[in-house]
Amino acid sequence: MTQWQSMLKGDSLSWLLEPDTENPAVRYLALRDIVGLPQDSSELLEAKTKAMTTGTITAVLDNQRPTGYWVKPGGGYGPKYTGSVWSLVTLAQMGADKSEPRVRQAAAYLLDHTVSPVGWFSYNGTNSGFLHCHAGYLGAAMFALGFGDDLRVTAAIDWQARMITGEGIAEAGSEESARYYHYTTGPGFICSANANKPCAWGAVKAMRALGSVPGGQRTLAMDSAIDRGRQFLLNTDLTVCDFPTRDKTKASGNWFKFGFPLLYVADLLELIEVLTVLGGGGDLRLEKTWKLVLDKQDDQGRWAMDYSYNGKLWSGIEVKGEPSKWVTLRVLRVLKRAFPN
């Protein structure tokens, strides 16, 4: 038994591997990411086919318009949460990829409509539409879908890194094309939606995008942004999550509610996940946070769906408050990466 398996109170992996007509993608991703089957495994390929042709992935794809977008043309941020951005991000997190023609079409459409003239991801396609959360989950989705080799994707993530470090970015109000705008008014995850304070949700999403870029392909700006992100996210008591808030109230309770899919709201599990991907999962400052995560499992080693978008997406995903295969998959994936032996 490996170290990560010894942390579980029950055999939840067997539960994830059971056939599931409503969430077939869970089995596919568990075989790929937890069991570690090779890409050419017949069992894995069969599971992937079921994931791509039944369940929620199919529900999302069946609502795509012929030209590649969802609901209405353009940048895809609206409407929440059935617009093009949300639909494609959900597909990416469920294991869809560019082997599906409709996914290729959707990614091509969004890249044509969300990359700003300067080159960063924008919720409306203009230079002023940059948000760390939006750029982060979209950049990570593009890599997960298999478009990490598109120069527009890597350039957009590099621009996000520069937004964090301030390298080559002019002050707001400048006439220079690469400058801070209304929502992102300064370096270090500052966002006007958070009263011009650093946004921790935005930081988590940005770090997810940066962590999607293989180490050997990261620019100096990306490496600097990752260092800055680590310092910001680890420079607080994560059992409290006392990050800056716009109204100076207590931290959002959503930090402690684990859910799926992962959109602009971040939780502690995602924070640990991005730090683990970047090699920081064993940081001693995370010890209490790991305990908080592990204490949320039930006697069978399963985690509940605390935060749900049901009623807002193209299809419902499990039941809020009940044991969740998607959340449990998230936990097992990050445990295996952080404690592999």
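A run of the chain free of exposed loop cleavage sites, with trypsin sites (Lys or Arg not before Pro) counted only in DSSP states other than H, G, I, E and B and at most 11 other beta carbons within 10 Å, reaches its longest extent at 1-247. For a paramagnetic label modelled at 7 Å from the Cα of Glu167 toward its Cβ, which residues of the stretch 99-131 fall within the zone defined by backbone nitrogen distances under 13 Å? No residue passes the distance filter. Full extension of the segment from Arg337 to Glu176, taken as 0.36 nm per residue of separation minus the current Cα-Cα distance, would add 53.7 nm. Of all the Cα-Cα pairs you can form in the chain, what percent are over 32 Å apart? I get 27 percent for the Cα pairs in the chain exceeding 32 Å.
A simple spin-label model places pseudo-atoms 7 Å from Cα toward Cβ; at Val35 and Glu18 they are separated by 1.6 nm.
What size of dipole, in debye to the nearest 20, comes out for the chain about its Cα centre when the only charges are +1 on Lys and Arg C-beta atoms and -1 on Asp and Glu C-beta atoms? Can you show the working numbers first?
On the way: 36 positive and 35 negative charges, 90 e Å.
Magnitude of the dipole: close to 440 debye.
Approximating the spin labels as points 7 Å out from Cα along Cα→Cβ, the Thr58-to-Thr239 distance works out to 4.6 nm.
For the chain, the residue among Gln105, Thr90, Cys241 whose Cα projects farthest onto the positive side of the dipole built from Cβ charges is Cys241. Is there a pair in Lys72/Lys320; Lys205/Lys288; Lys72/Lys250; Lys50/Lys320; Lys72/Lys312; Lys48/Lys72 whose C-alpha atoms are over 26 Å apart, and which pairs would that be? Violating the 26 Å limit, Cα to Cα: Lys72/Lys320; Lys72/Lys250; Lys48/Lys72.
Simple rule: put +1 on each Lys or Arg Cβ and -1 on each Asp or Glu Cβ in the chain, find the dipole, and look at Val277, Ala338, Ser122; the Cα lying farthest toward the positive end is Ser122. Rounded to the nearest whole Hz, the Karplus-based 3J(HN,Hα) values (6.51 cos²θ - 1.76 cosθ + 1.60, θ = phi - 60°) of the stretch 165-181 follow the sequence 8, x, 5, x, 10, 7, 5, 4, x, 5, 7, 5, 5, 8, 8, 6, 10, with x at glycine and proline. Between Asp11 and Leu284, full extension at 0.36 nm per residue minus the direct alpha carbon distance yields a gain of 95.6 nm.
Nonpolar atom fraction for the chain, defined as the carbon and sulfur part of the 1.4 Å probe accessible area, stands at 50 percent. Tell me the accessible surface of Glu46 in square angstrom (1.4 angstrom probe, heavy atoms of protein chains only), to the nearest ten. Its accessible surface works out to 100 Å², give or take rounding.
How many angstrom lie between the C-alpha centres of the stretch 145-207 and the stretch 43-89? After rounding, the separation between the Cα centres reads 26 Å.
The values are calculated or read from the model by the stated rules, or taken from the named source; none is laboratory data. Remember, predicted model here, so these are calculated numbers, not experimental data. Quick reminder, even Gly has a Cβ in these numbers, built from the backbone with ideal geometry, and neighbours come from all protein chains shown. For the accessible areas, the whole protein counts, side chains as well, though only heavy atoms, and no ligand, DNA or RNA atoms are used. Shrake-Rupley method; radii C 1.70, N 1.55, O 1.52, S 1.80 Å.
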